[in-house]
Amino acid sequence: MKGMRSIKAKLLWTLAASLLLMFVLLWWVVSAAVQELTARYLEQRIELEISSILAEVNFDEADGIILDTKQVDALFHFSFSGYYYQISLQGMQQKQILRSLSLGDFILHIPEVMIGQQTRMIIPGPKGQKLLAVVRAIPLREQSLLIAVAEDLTPFEKNRQDFQWLYTLLSLGLLAILLLAHYGAVQQAMSPIQKIQHNVVQLEMGQVNKLSSDVPPEMEKIVDQINRLLLRTEQRLVRSRSTIANLAHALKSPLATLSQMLRHSLPTEDTRLRGELEERLASLHELIERELRRARLADHALSGTLFCPKQSLGDLVRTLKNINFQKNIEVELDFSPGMLLPFDQEDMTEIFGNLLDNAFKWAQGRIGVTLEELEQQFNIRVEDDGPGVEEEEIERLAGRGVRIDESRPGHGLGLAVVRETVEHYGGRLQFARSPALGGLQVEISLPMPSII
C-alpha cells in the first residue's frame, strides 16, 4: 500500500480534512457568536445608561441643554475611566456639546443619525482604544438631541482573546482525540482486509487451500468468487496435467518398442542410420520428459505442500548413500532445523535430487549442502570435493544434455531440469569451483514469495 492509493490513507485523510474543516468553521462561529453576545450585552447596559442620563436632561430656549451631572453615574466623572457620554443639540446655528468629565478635552466623532433612530457602532476613544457606542437621535422641537454613550472594549477584547486561545487549545486537543479515535476505527474496519491478506499469504504458502469465509457481509461475495475461481483453476490444472501425463505415458511404450526394434532389426554395420534414429528417439524421450515436467510445474502453486529441508534432505541423502554404497561419502547439511519454506515439496525435492545425484557421482569423499533463508530470497549451495570443471566448461553445464565427461554414467538432463525449475520460480543458477572443497559448486537463488 503506497501513498494515496491506500484505502486506509484515503479514509484517514478524508476524515482528518472533514474534522479540521468542521473545527475551523465551529471556531469561527463560536468566536463570532461570543463577540456578538458581548456587544449585545454592552448595548443593553449602555441603553440603560442612556435612559438614566436622559432622565437628568432639561432643555431651555435660552441656555440650551442642561444636565444635572450629580445624578449621573460616578464612572463618567473619572478621567479616561472607560465610560463616556456626549450630548449634542443639532439644528442650531452653533452646535452645543456636553461631554463627560472622563473624556477630558476629547470629542467623540459621532456620525449623523436619523431622528428617532438608534444605532450601535465602534468608534475610537480618547487614547485610540476601541469604544462600543450607542447613539440615539431624539426629536426636540425643531431640533434633535443626539446622545452617545460609549464603553471601552479593551477588557472585553482581552477576555475574548483569552477565551479564543483556550477554545483553540481545547479544540485542538479534542481534534487530536477524535483523529486517534477515527484512526482506531479505520484500523478496526480494515482488519478484515488484513485478515484476508494473511489468508492469501497462507494460500500462497500452501497452508490452506481456500480463503476463509469468516468475513464481513460486504466481502463475502468477493471471497466466494475467489474460492470458486481457485476451485475451477485447480480442476483445470488437474485435468490438463492428467491429460498431458496420459499422453506422455502412452507415447513411452511405442518409443520403447521402437528402440528395441532399432537395436535388433537394423544391420550392425549401418552405424550412421542407427545413430541418427537413436538420436531422434532420445529427443522424443526428452521432449516427453520436459512436457511432463511443465505440467507438474503448472500445478505447484496449488499443491498445498511446503518444503521441509530437515525431513526431505535427510531421506534423500540416505537414499543416495544406499545407492552409492561403494563410496564412503560424508554429507554435511547446514541449515536451520526448523526451516520451512513456501516452495513446492516436489519441485525442491527434484532440484536437490538432481544436484545431489550429480555430486555423489563426482565426489571423492565429501559433499556440502548449505541452505540460507534471507528476507527476500532463499539461497542454496551444493558443492563436492570432486575434480570440478575448467572455467571455459562451466557455462556449458547449464545446457540441456551436456556432460563434461562422457565416460561417466548418466546424461545431462538433470542439471537442465534444475535450471528449468529455477527459472520457473524466477531464480538464478550459477556454477563455480568450490573454494572450500575444490570440486563443482552449484549456487541457486530463489526469490521468496511476496508477502502482502
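Numerical summary
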{"read-out": "Residue that is in contact with a helix residue (DSSP H, G or I) (Cβ under 6 Å, 6 or more places away or on another chain), in a helix (DSSP H, G or I), outside the structural domain of Lys10 (by TED's automatic domain parsing) and aliphatic (A, V, I, L, M), where the choices are Ile244, Ile226", "value": "Ile244"}
{"read-out": "Qualifying positions in the stretch 206-238 - charged (D, E, K, R), under 16 Å from Lys195 (Cβ atoms) and either loosely packed, with under 13 Cβ neighbours inside 10 Å or modelled with pLDDT under 80 (or both)", "value": "Lys210, Asp214, Glu218, Glu220"}
{"read-out": "Counted residues, the stretch 27-83 - those being touching a residue at least 40 places away in the same chain (Cβ under 8 Å), assigned to a helix (DSSP H, G or I) and not small (Gly, Ala, Ser)", "value": "14"}
{"read-out": "Per-region count, the stretch 317-353, residues over 20 Å from Phe378 (Cα atoms) and not in a loop (DSSP other than H, G, I, E, B)", "value": "9"}
{"read-out": "Test for Thr421: is it surrounded by fewer than 18 Cβ atoms within 10 Å (Cβ to Cβ), modelled with pLDDT of 80 or more and β-branched (Val, Ile, Thr)", "value": "no"}
{"read-out": "Residue under evaluation Pro337, criteria (1) over 19 Å from Gly439 (Cβ atoms); (2) surrounded by 14 or more Cβ atoms within 10 Å (Cβ to Cβ); (3) at pLDDT below 85, criterion not met", "value": "(2)"}
{"read-out": "Matching residues in the stretch 30-44 - criterion: being among the charged types (D, E, K, R) and within 51 Å of the chain's Cα centre (by Cα)", "value": "Glu36"}
{"read-out": "Of the criteria (1) among the charged types (D, E, K, R); (2) out of contact with any Leu (no Cβ under 7 Å at 6 or more places or on another chain); (3) without any contact (Cβ under 8 Å) to a residue 60 or more places away in the chain, which one Lys210 fails", "value": "(2)"}
{"read-out": "Failed criterion for Ser171 (all others in (1) out of contact with any Phe, Trp or Tyr (no Cβ under 9 Å at 6 or more places or on another chain); (2) under 30 Å from Leu20 (Cβ atoms); (3) not aliphatic (A, V, I, L, M) hold)", "value": "(1)"}
{"read-out": "Considering residues of the stretch 112-153 that are among the small types (Gly, Ala, Ser) and surrounded by 18 or more Cβ atoms within 10 Å (Cβ to Cβ) only, the residue nearest to Arg99 (Cα to Cα)", "value": "Ala148"}
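The values are calculated or read from the model by the stated rules, or taken from the named source; none is laboratory data. Given the structure is predicted, the values throughout are model-derived calculations rather than measurements. Glycine gets a Cβ as well: all are built from the backbone with ideal geometry, and neighbour counts include every protein chain shown.
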